[in-house]
């Protein structure tokens, strides 16, 4: 007997042996065995061949997607397109003209695959990243023709699966038995998110002629106990298993009659399966233990057993179990999620047995560490669900520490010296490191979110919880910590406080509220002074000083902030600091410039901002983004590091406000200087960026009304250049500029009033510089009315100009006039003097060149174009100049000697005569 029939039961094998003795024609058998090598040629239709081509392409795409082999996915997708184009007129369009669901599903999954891996393309190999870019373009272009089908599939993929199964089965046409129709069903490629299967059940592998091994594997895909029971019911119609596989000559009529009923039964069975999967996803039929298989990882539903039922649970056994769980952490193939679940189970057992608060805190500390280590990449942000668990655990630990003052957690406590049973409790750990790591994870979460979405606002609300955690750690360390640990936690508190504006500070200055109320400036003063006195590291002290200056500048304490900068000498040593400290220095100097501008100190504001604005990389210097035009200058690793240094969005400084303040300050300084040195050929530029804006405006052939912030300032500069302060003020202060810039200031009306006063004063100085040569004398009351300034201000402004020798005039106090002195040349005279200087320089240079070439012009020969001859000619010219100079010196000496001799002779003769 063939080995094929030995898989049945004893009764089946006996009946099959009896039937084997019956005579029958061997040509009627349709059996493959290990001993028989007979093969039968299978005739397949064009439709089946096309199905097989598409099936193989989809299989290849799935296999390559599992291992993220993007180049092969691209190649398989190209083959799939070719196969679909070839098969489109044959089978893939049915009578209704619809695209089959299995093809739509493949396109949808391929689109999802590209979108999932698109953000991670920078970490891929170069060829994979390039292939992913090409694949994305081709998939997007290709699926435009299938947008309707893909949208319907994404709405309800489960119902689409069942309908497509029926269509694929009916389209088979030539398949008569259930196994062939199962092969037609396999091409639907059902995407299984959760596959429920028994671990002890063996899959039956029934071989058939005309069916490949891969198709046999797919025919069993997606079946459960109901399909197996139905197949066993079908087998009951045969006396034994062998009779089922014998091809009968009289079976054609029965098959034709039963064809419709089989399809109806099949449809009912598929509908039952679908309903049953939704109602009872987990059902034990006694064939073994069931478990969920999700994304290739087996997740057991039953919680692991920590201890035996009769085990004595005490502190030592719990610590032993805890050490076993911790020992597996960090090893290869260790499930991090399972570790967290084991710690949760151990914590619940510990709490139920009331083993004391110390061991509970020990377990929770390990849970916090496991949650921190859950992310495989340190640079990636934590998942929101684990972030919430982390906040809960840390708050629980801190509350227990505050309520139990006899408990000590420190790194100085060794593991052998830990005490969990008797007070005072001692635990090895560092609560400060946990708080610092929590703060860093919070910053990562903020950077991960879109700053213009509601998710960022929701995540920013957690800052209250993080600040509360830092306050609790501060309270604990003030009792048990060292000065260095206190400096570290104070710096963390400063980092969450220094950039926040407190309006009570300015209200307290104005006297609207009492001075007994504690403000953020007083809190910063206390924290920073403690760090100045007790910190031994330069980094923490430097960051504390910079944060202190930033906070003073934010609240208009200009003199305190300026004195701190000058006394600290940070501008001399900041280039040796780490990048994050340099970023904080840039932010501090930017706010110091804004503070100086609000106080009307225009020169100080310009000096603070000029170093930032001259580089053209303000965005990068303040860590508020990367410039796209400089991406080719840095590698991927450098770009990744710079992205990690970026500041969260809510800490950004408005760059347009910063640039506007800088340009306005440059305008108020530069325009009077240009008017005073209009004819000076050696005039220097104070602000290069401001000059560039003026030049770009002058190069334009047609200048329209200003639209952007820069155009407003350029137009105001031109108006000030003519002494028209009204137009200048209108260009600087208007509705558009108020909305963009000036309304962003606290107490914006004071800033606008200050700016108007400065514009009037500088316009007055510019007017005097420009038109002083026109007047013999100017009345100060007239100037006061013209620029709407008070007379003392006009008097003081003109007096300063006279004292600084900027204006050649004198004041006549009885008549209140300014008497001009005609010591300065006129405009025509100044231009003539400039022309004279340039002509003289030109003549001198021309004579030098002529003298170099004149002496050796005829001795050069015909090789005038040779470089070496030119060199020799230059050397000879230089030698000739030296010789001529030497001859001149010798002649001078000889003349001096002759003159001396003649003088001596004349003197001697005169003496002799006398």
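The values are calculated or read from the model by the stated rules, or taken from the named source; none is laboratory data. Quick caveat: nothing in here was measured; it's all calculated off a predicted structure. Note that we place each Cβ from the backbone using ideal geometry, even for glycine, and neighbour counts take in every protein chain shown.
One line per residue, one yes/no per condition, for (1) surrounded by fewer than 20 Cβ atoms within 10 Å (Cβ to Cβ); (2) touching a residue at least 24 places away in the same chain (Cβ under 8 Å); (3) out of contact with any helix residue (DSSP H, G or I) (no Cβ under 9 Å at 6 or more places or on another chain):
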position: 719; (1), (2), (3): no, no, no
position: 726; (1), (2), (3): yes, no, no
position: 742; (1), (2), (3): yes, no, no
position: 745; (1), (2), (3): yes, yes, no
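Here is a check on your reading of the model: is residue 391 within 18 Å of residue 466 (Cβ to Cβ), assigned by TED's automatic domain parsing to the domain that holds residue 319, in contact with a helix residue (DSSP H, G or I) (Cβ under 9 Å, 6 or more places away or on another chain) and buried (at least 20 other Cβ atoms within 10 Å of the Cβ)? Spell out the reasoning first.
Working: within 18 Å of residue 466 (Cβ to Cβ): yes; assigned by TED's automatic domain parsing to the domain that holds residue 319: yes; in contact with a helix residue (DSSP H, G or I) (Cβ under 9 Å, 6 or more places away or on another chain): yes; buried (at least 20 other Cβ atoms within 10 Å of the Cβ): no.
Considered against the rule, which asks whether it is within 18 Å of residue 466 (Cβ to Cβ), assigned by TED's automatic domain parsing to the domain that holds residue 319, in contact with a helix residue (DSSP H, G or I) (Cβ under 9 Å, 6 or more places away or on another chain) and buried (at least 20 other Cβ atoms within 10 Å of the Cβ), residue 391 comes out as no.
Among the listed residues 591, 606, which satisfies the condition of being assigned by TED's automatic domain parsing to the domain that holds residue 499 and surrounded by 14 or more Cβ atoms within 10 Å (Cβ to Cβ)?
On the way: 606 fails: assigned by TED's automatic domain parsing to the domain that holds residue 499.
591 is the lone residue from the list that is assigned by TED's automatic domain parsing to the domain that holds residue 499 and surrounded by 14 or more Cβ atoms within 10 Å (Cβ to Cβ).
Only one residue in 421, 440 is assigned by TED's automatic domain parsing to the domain that holds residue 379 and in contact (Cβ under 8 Å) with a residue 12 or more places away in the chain, so which one is that?
Details: 440 fails: in contact (Cβ under 8 Å) with a residue 12 or more places away in the chain.
Just one listed residue meets the conditions, 421.
How many of the residues in the stretch 515-567 are touching a helix residue (DSSP H, G or I) at 6+ places or on another chain (Cβ under 7 Å) and without any contact (Cβ under 8 Å) to a residue 24 or more places away in the chain?
Adding up the residues that qualify gives 7.
Which of the helices (runs of 4 or more DSSP H) contained wholly in the stretch 684-781 include at least 3 residues that are within 30 Å of residue 616 (Cβ to Cβ) and more than 38 Å from the chain's Cα centre (by Cα)? So that I can check it myself, show each step before the final result.
On the way: elements: 688-699, 709-721, 725-732, 735-740, 748-771.
So the answer is 709-721, 725-732, 748-771.
If you check 432, 460, which single one turns out to be farther than 13 Å from residue 361 by Cβ, touching a helix residue (DSSP H, G or I) at 6+ places or on another chain (Cβ under 8 Å), assigned by TED's automatic domain parsing to the domain that holds residue 377 and crowded, with 19+ Cβ neighbours inside 10 Å?
Working: 460 fails: crowded, with 19+ Cβ neighbours inside 10 Å.
Of 432, 460, the one residue that is farther than 13 Å from residue 361 by Cβ, touching a helix residue (DSSP H, G or I) at 6+ places or on another chain (Cβ under 8 Å), assigned by TED's automatic domain parsing to the domain that holds residue 377 and crowded, with 19+ Cβ neighbours inside 10 Å is 432.
So which helices (runs of 4 or more DSSP H) are wholly in the stretch 75-170 and hold at least 3 residues that are modelled with pLDDT of 80 or more?
Numbers: elements: 101-118, 126-142, 147-155, 157-170.
The qualifying helices (runs of 4 or more DSSP H) are 101-118, 126-142, 147-155.
Looking at 624, 575, 571, which one is out of contact with any helix residue (DSSP H, G or I) (no Cβ under 6 Å at 6 or more places or on another chain) and over 28 Å from residue 520 (Cα atoms)?
On the way: 624 fails: over 28 Å from residue 520 (Cα atoms); 571 fails: over 28 Å from residue 520 (Cα atoms).
Answer to the check: 575.
Conditions: (1) surrounded by 10 or more Cβ atoms within 10 Å (Cβ to Cβ); (2) more than 30 Å from residue 782 (Cβ to Cβ); (3) at pLDDT 70 or above. Residue 873 meets all but one. Number of the miss?
Among (1) surrounded by 10 or more Cβ atoms within 10 Å (Cβ to Cβ); (2) more than 30 Å from residue 782 (Cβ to Cβ); (3) at pLDDT 70 or above, the lone unmet condition for residue 873 is (3).
Whether any residue in the stretch 792-814 is surrounded by fewer than 14 Cβ atoms within 10 Å (Cβ to Cβ) and farther than 24 Å from residue 762 by Cα is what I want to check.
yes
Taking the condition in contact with a helix residue (DSSP H, G or I) (Cβ under 8 Å, 6 or more places away or on another chain) and under 29 Å from residue 334 (Cβ atoms), does residue 407 pass?
Details: in contact with a helix residue (DSSP H, G or I) (Cβ under 8 Å, 6 or more places away or on another chain): yes; under 29 Å from residue 334 (Cβ atoms): no.
So residue 407 does not fit the description; no.
Name the residue that is farthest from the chain's Cα centre (by Cα), counting only residues in the stretch 375-387 that are surrounded by 13 or more Cβ atoms within 10 Å (Cβ to Cβ) and over 19 Å from residue 120 (Cα atoms).
As a first pass, look at the stretch 375-387 and keep what is surrounded by 13 or more Cβ atoms within 10 Å (Cβ to Cβ): 375, 381-384, 386-387.
Retained after the next criterion (residues that are over 19 Å from residue 120 (Cα atoms)): 384, 386-387.
Values: 384: 18, 386: 21, 387: 20 Å.
The extreme case among them is 386.
For the stretch 464-502, enumerate the residues that are within 27 Å of the chain's Cα centre (by Cα) and more than 21 Å from residue 548 (Cβ to Cβ).
464, 465, 466, 469
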